Every structure is written in C-alpha cells, then in structure tokens.
1. With each pseudo-label sitting 7 Å past Cα toward Cβ, what's the Lys363-Glu201 distance in nm, one decimal?
2. Collect residues whose amide H, placed 1.01 Å from N in the peptide plane, falls under 5 Å from the amide H of Thr54; neighbours closer than 5 in sequence don't count.
3. Taking all pairs of distinct Cα atoms, average 1/r, flip it, and tell me the Kirkwood hydrodynamic radius of segment 307-491 in Å to one decimal place.
4. Taking Cα pairs under 8 Å and at least six residues apart, what relative contact order does segment 307-491 come out at, in percent?
5. Whose amide H sits under 5 Å from the amide H of Arg220, counting only residues 5 or more places off or on another chain, with H placed in the peptide plane?
6. Which values, in whole Å and largest first, are the semi-axes of the equivalent ellipsoid of segment 360-456 obtained as the square root of 5 times each eigenvalue of the Cα gyration tensor?
7. Please work out the FRET efficiency for the pair Glu411 and Val485, using the Cβ-Cβ distance as r and a Förster radius of 51 Å; give the result to the nearest 0.05.
8. Please list, ordered by chain and number, the residues whose modelled amide H lies under 5 Å from the amide H of Leu307; skip anything fewer than 5 residues away on the same chain.
Amino acid sequence: MKLHKYWVPVLCLGVCLATAAAQTKKLRVEAESAKIYIEPHKSSTVIGSVRKGTVLTLFDSGAAKKDTSWFYISFYSEEKWATITGFVEASLVSVVGGTPEKRSEEPPVPVQKQVPAKRPPQPPPKTTPPEKAEVKAKEAAVAVEKAEEKTAAAAEETARIQGDEVKLVRCTGEVKIIGEKPAIRAAAADDGRILLVAQFEEVLELNGKKGDWYRVKYPRPDGIVLVGFVNEAQVEVLSSSLQTEKPAAVEPEPAAVPAAVKAAEEAKEADLQEPPVSEKAAPTEPPAPEQESASAEETLGIGVRPLSLALNAGYALPSESGYDGGFAFGGDLSYLVNRNLAVVLGFYHYQSQTEGSIEGLSKGKLTIMPLSMGIQGRYPVNERLIPYIAAGVAYHFNTFKLCQVCQDHWEALGFDVREEVKNGLGFQIGAGLDYEVTDYIDLNLDVRYQIAKGSGSWSQTDQFSGASVSGDLEGLNFNALIIRVGAKIFLKII
C-alpha cells in the first residue's frame, strides 16, 4: 500500500511532541522570598509566598507571553495543602539547569540539523586495576550512605520543628497594609471570625506574631481599639522588635563525599521537582516559651458593645420631711462614645406620700416621672469592673392626687377642693458601678441625687353657691436621693 510513506513523518511528529511534553522546565527562587500573584502585576491579590531555594514548575501556557518580566508557575503549598498556580517576577527566579526561553510573538525559527564535527582520535583512557576500582566504588557507596543518613536526620529535625505548636511571640512595631482590603480576624487562621476589613496603605500598630499571622491593633473612630490578626502576605513590616533566625540545616560535610559522587549529585539535582531538605523553608522564628493568652486582650478590644439598655429598680428618699419615700423603677439607654465617655437617656418613675401642710400640698399621693439626659465619665479598673460618675438635666412630669379621706371631708362641708402640680426642669448628679458578667450583660448599681423645684395651684369651690377661691403653691421642693440596682443588656453593633 502507498500509506506507508506517511508513517515515518507521523511517527517523528509524535516523538517530538512527547519529548517536548516531558521537558517541563523548573525554576528556583533566588531572592530571600518571592510573592505569588493571581495576575501578572503587583497590584493584584497575593495568593502565596515562597522562600529562597523553592523549586517552581514553569507553565508554558501562553498566559503571560506579552510580559517577559513574569512567569506563570505552579508549586505545592504545604501551608494550604494544595497545588497553587500564579505569577512570579522573572527577576526573582532562575531556571534550573539553564536559562529560560524568551517569550516572543514572532514565529519560531525552524531548527536545522547540525552535523557534528569529527574529533581527532583520542588515546585510550587509563584503566584502573579491578581491585582499586572496587575499593573506590565501596568508598563512594559508604560516603553516599553517610550523606543520606545526615540528610534524613536533617529532614526529621526540620519536620519536628515545623510540627511543633505555633505559639504567639510578643513584639512591637508598625505594619502597612499592602493587600486589597484584607480581613482582620479574631484568630490566626483563614477561617477566623472577621472583625473588620482594613484599607489599603493603612499603618497599624504591631502587637505580636503567630506563625504567618501578625497581631495588630486597629483603633476605631469611637475610641475602641480592636485587636486581631492579619496574614503576613497582606502587610509590609515598617518596624518590628521581633528577632527571628532560621535553624541551621544539617548538611553532609564536603570532605566526606568524593568529588565523583558530588558531581553525580549535582547532575541529579537539576531534575529534582522539589528542593532538598537543606533548602526547604525553615521556620522563621524559634520555638518560644508559652506566652500569655491573647483572649483577654482580644475580649477587651472587640468593640461590639457601644449601645446598652439598662432596666433597674430601687428606692427614692425625698429630702423634705413632708414627703415619704417610695418605690422607684425605670431604665436607661446609653451609647459608649469611647472607652471613658458615654451619653445616657434615662426615664424612671416613683411615688411619694405627702403629709400635708398649710404652705404646701395637702395630704395625698405625689407621682414624679423624670426624663433625663446626661453624660457618664467611665474609669475602668479592670476588664470587668467599671465605676462612673454622671451628670445631666431632667424634665419632671408631675401629678398629685388628694387623698380620698380629705376629699370626703371637704365634700361633707359642701366644698370641692383641687390641687395641681406643674411640670418642671431639674438637674441630676450621681455615680455608679458596672460589673461585667458576660460579654453582653452587666450588673449595675446607680446612686442619683435629683435637684428639682416645683410649683402648683389650688382651688376651692362652694357646691351650693358656686363661689370659688384659688391660689398658688410656691417653693415646692422635690429633691430626692434615688438608689437603683439592675442589669444592662448590650446590643451587638459593629
């Protein structure tokens, strides 16, 4: 058949394609660290970071052919337990075993076969006696075995160090946000609860480091300081007191390996897909002793309790002898402006029995309902105990009802008697104490002294003739000491 003349070109083409596919190029990181971006420019999102000596696989997919300053690569991330693909700057890497081919949009130039030049005949190599060759082979095998044992020991030590529990290391300094709106999390983990999202180029105070996460302080506009963790790939360290050093990797002594074995190892190294153990990334910080837990500081800085609703009850003690004390109850709505200042809107209610006097009110029941607005100066003693002082103004809604015995007496005499008390403005001063039971419930003790002057009027009407007389009540004193206890419920607002 005539089809056999196509077999040879087809077979050659298949061999060429298989050879090209097998020649996957490897890159080695030459800089101290290199960031992996999701797109070939520095303003894109950073998806990973590799250290010096890491071997990367070069993709020749054409994703970045127009920009020769970037390589499209992949590598296995031990931190995320997955293979990551992205772009790395070409200036930070070198090709293992050669130089990378320059990307170009020009069509490839066909390769012409070169006929190797004939070399002059060489003298026969010197031969080694069989006994000496056997001894050298044994020495080389022993040296390789010792080198492998030391390399395995170094791998075990590195794995032990990397497997230790990561602890928080205290440090101070400043970091600048370089990522695109990175999340500040409550825990040093990708699934940690998000406290807020930072802005690009914000400078934050550094408070510690835990693995690949920096602990930072974030001051809110209302004065509350959040404490959380941000990934090191999203920040640039401006200053830091953290001292880190890499544990020395154990490497075989050069003298223990013959030159022939060393040359064979270097030739084999060009085909490795991963760097040797001595070049693997070592922890950037030595194991530190157990530090104080960050939970207390994070709880103090959460900042999700600015608004609270308080319900309380107590007793009112009027300062005038003509008024009896009475049960008081009410509530407050407060907003925490910052750590030491709060605005409070309050309302409470109490009643007092009047004894009756010629110049004042007759015997009856006086009801006072002040609506107050004021401020609190708060001075936290610790994370749970917060004393405060308070001051403000109040508008008093007052009502008075003559006792039933008095009404019956005047009606028996043929008179209808009425007494009224006007509403009025007053002032309040006081102090209190909040004790935190949980993150959202506080116990509250409040002592308040109200200053209020009142006035009113009276009228007396003859039931038979209809004649009426009236007058004013002046100089009424409604000052009282009010003691209340209750609970505050904090509303979660971020």
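1. 8.1 nm
2. Distant-sequence amide H within range of Thr54: Val29.
3. On the way: mean 1/r = 0.0553 Å⁻¹.
Evaluated over segment 307-491, this radius sits at 18.1 Å.
4. Working: 516 pairs, mean separation 41.0, N = 185.
Once divided by the residue count of segment 307-491, the mean separation gives 22 percent.
5. Those lying under 5 Å, H to H, from Arg220 are Val225, Leu226.
6. Details: eigenvalues 355, 43, 15 Å².
Equivalent-ellipsoid dimensions as semi-axes: 42, 15, 9 Å.
7. E between Glu411 and Val485, to the nearest 0.05, is 0.75.
8. Leu336, Leu491, Ile493
A short reminder: the numbers here are calculations on the coordinates, not readings from a lab. If you're wondering where the values come from, they're calculated on a predicted model, not measured in any experiment. As a convention, Cβ positions derive from the backbone with ideal geometry for all residues, glycine included, and neighbour counts pool all protein chains shown.
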